Structures are given as C-alpha cells and as structure tokens.
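The values are calculated or read from the model by the stated rules, or taken from the named source; none is laboratory data. Values in this document were obtained by computation on a predicted structure and should not be read as measured data. Glycine also receives a Cβ, built like all others from the backbone with ideal geometry; neighbour counts cover every protein chain displayed.
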Amino acid sequence: MLVLKKALKHPLIATRSTIKNRLDQRVHLNELLLIGQLFLFYGMVILTYRLFGKVGLLCYTVLAIVAANIEVLVQINAFGMEMTLGNIMFATTFLVTDILSEVGGKKWSDYAVNVGIFTSALFIAISQSWLYFVPNELDFAMPSIQAIFSNTPRLMMTGLVVYAIAQRFDVWLYHKIWHWTGFTEKYLWLRNNASTMISQLLNAVLFTFGAFYGTFPVADLLSIIITSYGIFVVTSLCDTPAVYLCRKIKVREIWERT
C-alpha cells in the first residue's frame with residue numbers, strides 16, 4: 001500500500017491524471033454548451049417569428065446559413081463522440097422551413113430555401129475576395145482570416161449544393177405527407193419528424209462525403225455521419241414543439257403594421 005501511494009505521487013502519473021481531468025472537464029463543458037445551443041437557437045427562431053413574422057424567419061435563415069458554414073470547421077468531443085459544430089445551427093434552418101410551411105404554405109418555405117441558396121453563394125464570393133487583398137504592416141487580422149476562409153471554399157460550395165438538395169427535398173416531402181394525411185394539425189408531428197429526419201440523413205451523407213472525402217479515412221467519415229445524424233435526430237424531435245407553438249402564435253406581419 002505504501003508503494004502504491006508513493007507511485008501515485010510520482011510527477012509523471014500526477015501530470016497524466018491532471019491532463020485527463022482537464023480533458024474530461026472540457027468535454028463536459030462542450031456537452032453543456034451544445035445543450036445550451038439547442039435551447040438558445042430554437043428560442044431565437046421562436047422569438048424571431050414572434051417579433052417579425054415570416055419575413056423575420058427569412059432573415060434568420062441568412063444568419064444560420066453563414067454561421068453554420070463557419071462553425072462546421074470546429075471539431076469537438078462530446079457525448080463520447082467526435083463531431084463538428086454547426087449541426088444544431090443548420091438544423092434550425094429545417095425548423096424554419098417547417099414553420100413557414102405551416103403558417104405560410106409551400107410558397108414561403110420555398111422562399112426560405114431560395115434565400116439560403118442565394119445567401120450562401122454571396123457569402124462565398126465575398127469571403128473569398130478578402131483573401132486577395134494585401135494587408136499593410138499594421139494589420140493583425142489577415143492571418144486569421146486566411147486560416148479560416150482559405151479552407152472553406154470546398155466546405156461552402158458543398159454546403160450550398162447539399163443545402164439546396166436537402167431543403168428542397170424536405171419541403172417537397174413535408175407537403176407530400178400533408179396531402180396524404182390531410183390539411184389538419186392532427187398529423188403535424190408526423191410530417192414534421194418524417195420529412196426532417198429523412199432530409200437530415202440525406203444531408204449528413206452528402207455533406208460529409210462532399211466536404212471531407214479524401215481528407216479523412218472512410219471509416220472516420222462514416223463515424224461523422226453517424227454522430228451528425230444522431231444529433232439531427234435529437235434536434236428533429238425537439239423542434240416539433242417549436243412548430244406547434246409557432247402555429248399557435250398570432251403574429252402581425254411587418255406589412256400589416258404600417
């Protein structure tokens with residue numbers, strides 16, 4: 001026992017134990033932050049709709065698309081998995097189209113998809129133009145800008161194409177299920193979850209292979225797909241109450257307030 005106590009006091013063992021404890025603390029922090037993001041982002045969508053109506057949700061789509069394409073560069077460990085950020089933010093764009101489908105019909109959800117596609121294309125062009133400027137001796141930001149945006153053209157182009165495919169499929173399937181079940185609130189949970197989960201699977205597979213194929217081994221890509229889709233399943237289940245709530249909220253649209 002005395003030998004064991006002395007061994008535990010060895011500096012190398014103590015250092016390894018300290019590092020492990022710090023890593024565990026960071027992982028737990030990541031998990032808390034992800035849960036916080038889920039409530040924060042979904043709350044932002046609901047608040048945006050309450051304050052600004054359908055036009056507000058179109059504006060939120062712009063924010064979500066840009067932020068998600070930057071967030072996806074960050075890789076973290078959480079819930080025993082390796083994952084990239086951006087999954088929750090991107091999931092809110094599906095929440096937006098589902099809400100718009102319920103309160104405005106297919107025309108408004110298509111508007112949101114078109115706004116997202118146009119915004120992504122503009123942001124790619126703008127962010128890439130920054131890299132061609134020559135900074136002066138007082139500049140301190142260009143190295144960071146280059147580190148972030150020089151690696152994102154492939155990610156952003158993939159995100160643009162996959163967003164267009166997955167979101168258009170989601171809107172199409174949402175309204176197809178609506179026609180099958182009838183235009184009532186009774187089956188809202190079915191059309192919301194079925195369309196979103198199938199669309200998110202399509203999104204996870206296409207984006208992961210499009211963005212990271214050749215960069216990571218195929219086994220790692222499959223792991224990313226599984227973890228990403230696992231997050232999407234959770235976010236899809238959580239967004240159903242938000243869709244019900246927004247359907248109940250009475251909103252005066254911006255053009256009705258003037």
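Things to note:
- Within region 193-207, no residue that is more than 19 Å from HIS175 (Cα to Cα) and in contact (Cβ under 8 Å) with a residue 60 or more places away in the chain sits with its Cβ atom under 7 Å from a residue that is among the polar types (S, T, N, Q) and surrounded by fewer than 18 Cβ atoms within 10 Å (Cβ to Cβ) at 6+ positions apart or across chains.
- Across region 96-122, the number of residues qualifying as surrounded by fewer than 19 Cβ atoms within 10 Å (Cβ to Cβ) and aromatic (Phe, Trp, Tyr) comes to 2.
- Single unsatisfied condition, LEU95 versus (1) in contact with an Asp or Glu (Cβ under 6 Å, 6 or more places away or on another chain); (2) not in a helix (DSSP H, G or I): (2)
Listed here are the residues, each with its yes/no results for (1) under 17 Å from GLY104 (Cα atoms); (2) surrounded by fewer than 17 Cβ atoms within 10 Å (Cβ to Cβ).
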| residue | (1), (2) |
| --- | --- |
| TRP178 | yes, no |
| ARG191 | yes, no |
| LEU201 | no, yes |
| THR208 | no, no |
| TYR213 | no, yes |
| PHE216 | no, yes |
| ALA219 | no, yes |
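Conditions tested, residue by residue: (1) acidic (Asp, Glu); (2) at negative phi; (3) outside any helix (DSSP H, G or I); (4) surrounded by fewer than 20 Cβ atoms within 10 Å (Cβ to Cβ).
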| residue | (1), (2), (3), (4) |
| --- | --- |
| ILE46 | no, yes, no, yes |
| ALA64 | no, yes, no, no |
| ALA67 | no, yes, no, yes |
| ILE76 | no, yes, yes, yes |
| ALA91 | no, yes, no, no |
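- Scanning region 157-191 for residues that are among the polar types (S, T, N, Q) and modelled with pLDDT of 90 or more returns a single hit, GLN167.
- For region 135-176, a residue qualifies if it is of a type in the set (A, V, I, L, M) and either within 30 Å of LYS107 (Cβ to Cβ) or in contact (Cβ under 8 Å) with a residue 24 or more places away in the chain (or both), and the qualifying residues are ILE148, LEU155, MET156, MET157, LEU160, VAL161, VAL162, ALA164, ILE165, ALA166, VAL171, LEU173.
- Identification of helices (runs of 4 or more DSSP H) wholly contained in region 106-213 with 1 or more residues that are under 30 Å from LYS248 (Cβ atoms) yields 106-130, 153-181, 188-212.
- Taking each residue of region 119-132 that is in contact (Cβ under 8 Å) with a residue 40 or more places away in the chain and looking for partners that are small (Gly, Ala, Ser) and surrounded by 14 or more Cβ atoms within 10 Å (Cβ to Cβ) with beta-carbon atoms closer than 8 Å, six or more apart or interchain, yields SER120/GLY159.
- Qualifying position, being at pLDDT below 90, farther than 17 Å from LEU202 by Cα and in contact with a Phe, Trp or Tyr (Cβ under 8 Å, 6 or more places away or on another chain), among SER101, SER109, SER127, SER150: SER127
- From the options ILE224, ILE177, residue that is within 26 Å of ILE117 (Cβ to Cβ), in contact with a strand residue (DSSP E or B) (Cβ under 8 Å, 6 or more places away or on another chain) and not polar (S, T, N, Q): ILE224
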